[in-house]
1. Which distance in Å, rounded to a whole number, links the C-alpha centroids of region 218-238 and region 200-216?
2. If each residue's Cβ is checked for other Cβ atoms within 10 Å, how do K226, K41, K60 rank with the fewest at the top?
3. Counting only DSSP beta bridges with both residues in region 179-302, tell me the antiparallel percent, nearest 5.
4. When the Kirkwood radius is taken over all Cα pairs of region 130-300, what Stokes-Einstein diffusion coefficient follows at 20 °C and 1.002 mPa s, in µm²/s?
5. Using the count of nearby Cβ atoms within 10 Å as a rough guide to exposure, how do E232, E116, E57, E206 rank from fewest to most?
6. Go through K41/K65; K69/K226; K31/K226; K281/K301; K41/K69 and tell me which ones have a Cα-Cα distance over 22 Å in this structure.
7. Rank these for me by crowding, T141, T227, T302, going from fewest to most other beta carbons within 10 Å.
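FYI, it's all coordinate maths here, none of it is from the lab. Everything quoted here is computed from the prediction, not taken from an experiment. Virtual Cβ from ideal backbone geometry, glycine too; neighbours counted across all protein chains shown.
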Amino acid sequence: MQAAPAPAVVYAILTSSMNAAPQQPDDQLEKALAALLSARKYRSVHPGLARAIASAELAKGRSVKEAVKAAKNQLHQSAAAYIRRNLNYDDALLQLQSALKPPSRAHGPGPPRDAEPVLALLRRLMAAHASTHERLPLLDTLYSQLFQRLPPVHSVLDIACGLHPLARPWMPLPPDLPYFACDIFADQADFLNRFFRLMGYAGSVEQRNALDDMSAPSADVAFLLKTLPCLEQIQSGAAQRLLHQIDAPILIVSFPNHSLAGRKQGMAQHHTASFLSQIEKAGWQADSLTYSSELIYIVHKT
Ligand SMILES: C[S@@+](CC[C@H](N)C(=O)[O-])C[C@H]1O[C@@H](n2cnc3c(N)ncnc32)[C@H](O)[C@@H]1O
């Protein structure tokens with residue numbers, strides 16, 4: 001009887017299936033990629049991620065049509081399903097510009113905390129993405145409770161950020177603090193960069209595939225909110241690798257407490273079992289903040 005491969009071997013096989021040169025004719029891959037990127041939902045998705053997913057599906061012996069369908073399904077589960085409403089980014093920025101008109105803008109960089117029209121608009125925009133939508137009731141408490149547990153923070157990473165950078169005014173951090181965020185949609189990254197500039201915030205947002213490229217700058221703290229299950233869904237073992245790769249001594253890692261449709265409760269426990277064993281194996285310390293919609297871990301990588 002053949003022995004089961006050791007975990008490290010399994011990981012190497014999975015990683016190579018995503019990263020190795022495709023095993024199928026190039027024209028099949030180019031056709032699948034073109035079909036994937038021509039879909040309205042995925043036209044601004046990270047092309048390297050789309051290629052890796054399409055390539056892995058073709059390598060299973062699927063036809064171009066089947067591979068495109070399977071790849072769309074993967075991208076839907078890990079990213080597009082969270083988009084509740086497509087934002088018109090230009091429109092949103094025009095609305096922000098008018099909400100920022102003096103006198104509220106006369107307070108210097110960053111909105112004053114009482115800039116109610118700006119905050120109300122940002123709440124409406126965050127409602128367009130399921131993850132920030134669920135977090136709306138927590139905005140006024142979460143960041144103060146979180147940051148009071150941390151040593152002074154001078155820089156932040158926000159990996160697979162979705163629309164989370166729009167919560168920047170609720171974070172007790174100075175406007176000139178470097179904030180680097182990334183996700184897979186180019187148009188969303190462009191919108192968030194323009195949002196930062198309009199608000200007078202330092203930082204930048206880039207289109208990145210966190211499964212392939214974690215050459216992000218180092219920072220004091222990295223947010224990995226509700227993200228690990230999405231990455232694991234595309235590539236098993238991605239969560240553990242990312243936790244180690246991110247160059248930040250403190251990771252803020254969260255897990256949703258219910259399924260996207262809201263049907264399954266207690267999801268956080270399901271997701272956290274392997275996460276907690278990885279933390280223990282690495283010898284890191286973690287404490288948690290529990291909210292009804294989200295379980296947040298503060299991980300000290302020391
Ligand atoms: C559940 S949402 C969480 C969004 C945000 N972190 C929050 O909690 O508000 C998962 C996010 O992961 C992003 N994502 C999925 N695959 C990714 C990848 N390979 N690299 C970077 N981001 C990815 C999706 O686009 C989506 O915005």
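1. 13 Å
2. Details: K226 27, K41 15, K60 12.
Arranged by neighbour count, lowest to highest, K226, K41, K60 become K60, K41, K226.
3. Approximately 60 percent, going by the DSSP bridge assignments.
4. Numbers: Rh = 16.3 Å.
For the chosen part, D equals 131 µm²/s.
5. On the way: E232 18, E116 12, E57 25, E206 15.
Sorted ascending by nearby Cβ count, the order is E116, E206, E232, E57.
6. On the way: K41/K65 17 Å; K69/K226 25 Å; K31/K226 33 Å; K281/K301 12 Å; K41/K69 13 Å.
Check vs 22 Å cut-off fails for K69/K226; K31/K226.
7. Values: T141 12, T227 25, T302 8.
Ranking T141, T227, T302 by Cβ neighbours within 10 Å, fewest first, gives T302, T141, T227.
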